[in-house]
Amino acid sequence: MSKILKKWAGGDELAKTAVLNIATPWYDLHTGEKMGAAQWRPAVMKETGGDFLLMKHEDVHRLVYRLAVEAGAIVDFGVSVAEVAPGNPRPRVTLSTGEVLEADLVIGADGPRSIVRPVVLGRPDDAVPSGFTIFGTTIPAEEMQKDPELAKLVQANEWPIMMGTHRSLCAHPVKGKTEFAVQMYWPDADAHTPADAGESWYDAVPASSIDYSNLGPMVQRMMQLPPYLYRTRWMVREEEIDEWIDDSGRIVLIGEAAHPWFPGGTYGPAMVLEDAVVFGTLFAHLSAWREVPRFLNAYQEIRYARTKSVNEMDVGNAAFVRLPPGPEAEARNVQIRQARDEWDDGSLKREFEGLAGLFCYEAEDAAQEWWVTWGRYHRAQDEEKALNDTEDSFNKLSL
């Protein structure tokens, strides 16, 4: 993701709000013990071509919005989409104002609660609760600075993760270290989540409504600082979303509308931007409408396996840090506590190989590879067929 944003906006623009992450310390959520740390080695990250940046979701939104508007996008505020329907052939979009728009192509980029997805799949959303609730909040850095132990957290270029029983907490500085972002993964029962709660980041609850008494002293003090937490429910889809394009070939899903991510997931935003890069790179080659179905299918073909594998890894990582007491948790803790002070060339090579599949992926290269391998070939076939059809028509006229 950092590579995409750096290419779009430049490193100087990112540096205004992003914080470079150089390590992930691991803590016991219940005792406060620091168990170890994963280092994001400069030599390893350099090979991936990117950085591990910590950013507030709001800052990414604002940046992408500005870039889109500068590129010519028109954004209407204060109006929502009420309905999307296939057309004959152009799909229709009905706004909350009653206005009806028609388009050659509708791109559903409306997130996990997409209203476009049921149109594409031909069935309603089947999201059900996972059993977990996610809380998010930010704390002003000046409040953290008043506590010597908390001050170290907001001053460090680190992403601490605190592992507990059926729960976890991760946090990091954002907005140039002027704020400290916190995310908590909590069981629904202990989160007092209403039965009808769903996916929403607009549900504010008092921070004091959560019981922190069985957590480490540092976390207890930290969670006294924010007045509110924003609550959302982790929902899962029972059926796999394996079709991103509707039967008409005129409505397509992108981002979390195509592959819903769990709230607060590490790699969800990166997958959204990668989708956009692949989609844009493919359609930059468009020369005739007849190529649209082929390009849409190529987009899903390129992105489907990538998003599925990264999602599975992200979900697995989230489970890894909230294991209940038992052999798995003990094995994890032993692994984390192992000292890794000695790094040789072999260690760096193994570390890079472990990250290569995730961080070395280049969305633009993936799209260009498809174009060079298949796209140009199909276009040449189309042009040859068109030429033959023209010659046949000319010969018939001559006769």
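Numbers for the structure displayed
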quantity	calculated
Meets criteria (more than 16 Å from Tyr27 (Cβ to Cβ), crowded, with 20+ Cβ neighbours inside 10 Å and among the basic types (Lys, Arg)) for Arg167	no
Candidates Pro263, Pro226, Pro269, filtered to the one that is outside any strand (DSSP E or B) and either basic (Lys, Arg) or under 21 Å from Ala195 (Cβ atoms) (or both)	Pro263
Whichever residue in segment 363-388 is among the acidic types (Asp, Glu) and modelled with pLDDT of 95 or more and, among such residues, is nearest to Val277 (Cα to Cα)	Glu364
Members of segment 236-260 found to be in contact (Cβ under 8 Å) with a residue 40 or more places away in the chain, of a type in the set (D, E, K, R) and in a loop (DSSP other than H, G, I, E, B), listed by number	Glu238, Glu239, Asp242, Glu243, Asp246, Asp247, Arg250
Contacts under 6 angstrom Cβ, first residue in segment 104-118 being in a loop (DSSP other than H, G, I, E, B), partner among the acidic types (Asp, Glu), 6 or more apart	Gly111/Glu256; Pro112/Glu199; Pro112/Glu256; Arg113/Glu199; Val116/Asp110
Residue within segment 60-80 that is more than 21 Å from Glu362 (Cβ to Cβ), in contact with a strand residue (DSSP E or B) (Cβ under 6 Å, 6 or more places away or on another chain) and outside any strand (DSSP E or B) present	yes
Some residue of segment 242-265 being in contact with a Pro (Cβ under 6 Å, 6 or more places away or on another chain), within 30 Å of Glu142 (Cβ to Cβ) and not aromatic (Phe, Trp, Tyr)	no
Cross-chain or 6+ apart pairs with Cβ under 6 Å, segment 300-326 first and in the same structural domain as Ile134 (by TED's automatic domain parsing), then exposed (fewer than 13 other Cβ atoms within 10 Å of the Cβ) and at pLDDT below 95	none
Residue pairs meeting the criteria (Cβ under 8 Å; at least 6 apart or on separate chains; first in the same structural domain as Val100 (by TED's automatic domain parsing), in segment 73-85; second in a loop (DSSP other than H, G, I, E, B) and aliphatic (A, V, I, L, M))	Val81/Ile115; Glu83/Ile115; Val84/Ile115; Val84/Val116
One residue from Val277, Val292 being in a helix (DSSP H, G or I), within 30 Å of Ala380 (Cβ to Cβ), among the β-branched types (Val, Ile, Thr) and in contact with a Gly (Cβ under 8 Å, 6 or more places away or on another chain)	Val292
Restricting segment 48-76 to residues that are crowded, with 18+ Cβ neighbours inside 10 Å and among the charged types (D, E, K, R), the residue that is farthest from Ala141 (Cα to Cα)	Asp51
In segment 137-186, the residues that are within 15 Å of Ala318 (Cα to Cα) and among the aromatic types (Phe, Trp, Tyr)	Trp159, Tyr185, Trp186
Filter result for the condition that a residue is assigned to a strand (DSSP E or B) and either under 30 Å from Ala197 (Cα atoms) or of a type in the set (A, V, I, L, M, F, W, C) (or both), over Thr97, Thr133	Thr133
Selection from segment 182-201 of residues that are part of a loop (DSSP other than H, G, I, E, B) and either among the hydroxyl-bearing types (Ser, Thr, Tyr) or not assigned by TED's automatic domain parsing to the domain that holds Thr137 (or both)	Thr193, Ser200
Residue that is farthest from Tyr361 (Cα to Cα), among those in segment 1-27 that are surrounded by fewer than 17 Cβ atoms within 10 Å (Cβ to Cβ) and among the charged types (D, E, K, R)	Lys16
Lone unmet requirement of (1) out of contact with any Gly (no Cβ under 8 Å at 6 or more places or on another chain); (2) of a type in the set (Phe, Trp, Tyr); (3) surrounded by fewer than 18 Cβ atoms within 10 Å (Cβ to Cβ) for Trp244	(3)
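The values are calculated or read from the model by the stated rules, or taken from the named source; none is laboratory data. Please read these numbers as outputs of a predicted model, since none were measured by experiment. Positions of Cβ are backbone-derived with ideal geometry, glycine not excepted, and every protein chain shown enters the neighbour counts.
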